[in-house]
Each structure stands twice: as C-alpha cells, then as structure tokens.
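One structure follows; several queries about it will come next.
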Amino acid sequence: MTSAIPPPDDGGAAVLIALARLEGKVDAALARQAAQVDEHDRRLADLEVRLRAVEATPTVSPRAMWTALGTLSAIVAALTPIISRLYQ
C-alpha cells in the first residue's frame with residue numbers, strides 16, 4: 001500500500017509545511033467567521049425581543065385621540081347650559 005503523501009524530502013517537506021500553515025489559517029478564519037455568526041445570532045435574538053416588546057405596547061392612534069377630544073367637547077357643550085341653569 002502506498003501513501004498519498006510523499007515521503008518528507010526537501011521538496012515534499014516544504015509542501016507539507018505550507019499545507020499545515022494553510023490549514024491553520026483556514027481553521028482560524030473559520031473560527032472567526034463562526035464567532036461573527038454567533039454574535040449576529042445573539043444580536044438578532046435581542047432585536048427580536050425588543051421588537052416584540054415595542055409591538056406589544058399599546059399606543060393611541062391620532063384618530064382615536066381626535067375622536068376622544070371631539071366626544072369630550074360635545075359632552076362639555078351639552079352640559080354647559082345645564083350647569084349654568086343650576087347655578088343661577
């Protein structure tokens with residue numbers, strides 16, 4: 001059985017060293033990429049939590065605010081004559 005890796009001689013050893021260095025650099029790059037992906041996943045999960053909190057917060061629309069103001073104005077206008085008769 002023959003090995004696919006040539007025996008270490010002057011040229012073969014240099015190639016093996018170069019391949020080992022390249023493998024180390026690829027491993028470092030993959031680890032850095034994995035760390036970045038993990039950080040992005042963490043930030044997206046945090047964003048999802050914050051977005052759900054904002055979406056769940058009840059808000060008053062301008063239409064509802066103007067409707068409430070109009071209703072209150074109508075009630076005050078209707079009660080003004082009655083109150084003025086009571087205190088005359």
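For helix 62-86, report the angle its Cα long axis makes with the longest principal axis of the Cα atoms of the chain; keep it between 0 and 90° and round to the nearest 10°.
20 degrees
Divide the volume of the convex hull of the Cα atoms of region 9-57 by its number of residues and quote the answer in cubic angstrom per residue.
For region 9-57, the hull spanned by Cα atoms encloses 30 Å³ per residue.
Helix 10-56 against the longest principal axis of the chain: what's the angle in degrees, Cα atoms only, rounded to the nearest 10?
In the chain, helix 10-56 runs at an angle near 10 degrees to the longest axis.
If I model a spin label as a point 7 Å beyond the Cα along the Cα-Cβ vector, how far apart are those points for E48 and W66 in nm?
Reported label-point gap for E48 and W66 is 3.9 nm.
Further question on the same structure: Work out how much length Y87 to I75 would gain on full extension: take 0.36 nm times their residue separation and subtract the Cα-Cα distance, in nm to one decimal.
On the way: separation 12, 0.36 × 12 = 4.32 nm, distance 1.83 nm.
Going from the current span to full extension adds 2.5 nm.
Now for a separate question. Okay, helix-only estimate at 222 nm for the chain: each DSSP H run of n ≥ 4 adds -39500 (n - 2.57), divide by all residues, round to 500 deg cm²/dmol; what do you get? Mind showing how you got there, number by number?
Working: 2 runs with 72 residues, N = 88.
Result for the chain: -30000 deg cm²/dmol, rounded to the nearest 500.
What full-extension length gain, to one decimal in nm, is calculated for L22 and T57 as 0.36 nm per residue of separation minus the Cα-Cα distance?
Roughly 7.3 nm would be gained on extension.
Give the share of C-alpha pairs in each 10 angstrom bin for the chain, from 0 to the last occupied bin, in whole percents, shortest bins first.
With 10 Å bins starting at 0, P(r) equals 12, 14, 12, 12, 10, 9, 8, 6, 6, 5, 3, 2.
Readers should treat all values here as calculations from the given coordinates under stated rules, not as data from a laboratory. Predicted model only: the values in this text are computed from it and were never measured. In this analysis, Cβ positions are derived from the backbone assuming ideal geometry, glycine residues included, and neighbour counts consider all displayed protein chains.
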